[in-house]
Amino acid sequence: MKAKCEYCGKVMLESDGCDDGILTLSDGKDYKRIAVGDEYDYFYEIADEDFRCHDCNAAYGEYHH
């Protein structure tokens, strides 16, 4: 079974990142998604142009799934 993003529906290991730039939580609030390598990204200090998230496979500069 291939893991799909619940927001964009893409298979995570086969796509560069999520298409949806806004995350809506169950409380109804919207939040801007974090892209790989952004200042607030967990991987900010180690990400470069060849980096991909080890959890969701998002490429550098693309939104995490």
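The values are calculated or read from the model by the stated rules, or taken from the named source; none is laboratory data. All figures in this text were calculated on a predicted structure; none of them were measured in a lab. Heads up, the Cβs are rebuilt from the backbone with ideal geometry, glycines too, and the neighbour counts pull from every protein chain shown. Accessible surface areas use protein heavy atoms only, side chains included; no ligands, DNA or RNA. Shrake-Rupley method; radii C 1.70, N 1.55, O 1.52, S 1.80 Å.
Name the single residue, out of those in the stretch 1-20 being in contact with a strand residue (DSSP E or B) (Cβ under 6 Å, 6 or more places away or on another chain) and within 18 Å of ALA47 (Cβ to Cβ), that is surrounded by the fewest Cβ atoms within 10 Å (Cβ to Cβ).
If we take residues in the stretch 1-20 being in contact with a strand residue (DSSP E or B) (Cβ under 6 Å, 6 or more places away or on another chain) and within 18 Å of ALA47 (Cβ to Cβ), then ASP16 is surrounded by the fewest Cβ atoms within 10 Å (Cβ to Cβ).
Only residues that are open to solvent by less than 50 Å² (accessible area, probe 1.4 Å) and either free of Cβ contacts under 8 Å to residues at least 40 places away in the same chain or out of contact with any strand residue (DSSP E or B) (no Cβ under 6 Å at 6 or more places or on another chain) (or both): list them for the stretch 29-60, please.
ARG33, ALA35, VAL36, GLY37, ASP41, PHE43, ALA47, PHE51, CYS53, CYS56, ASN57, ALA58
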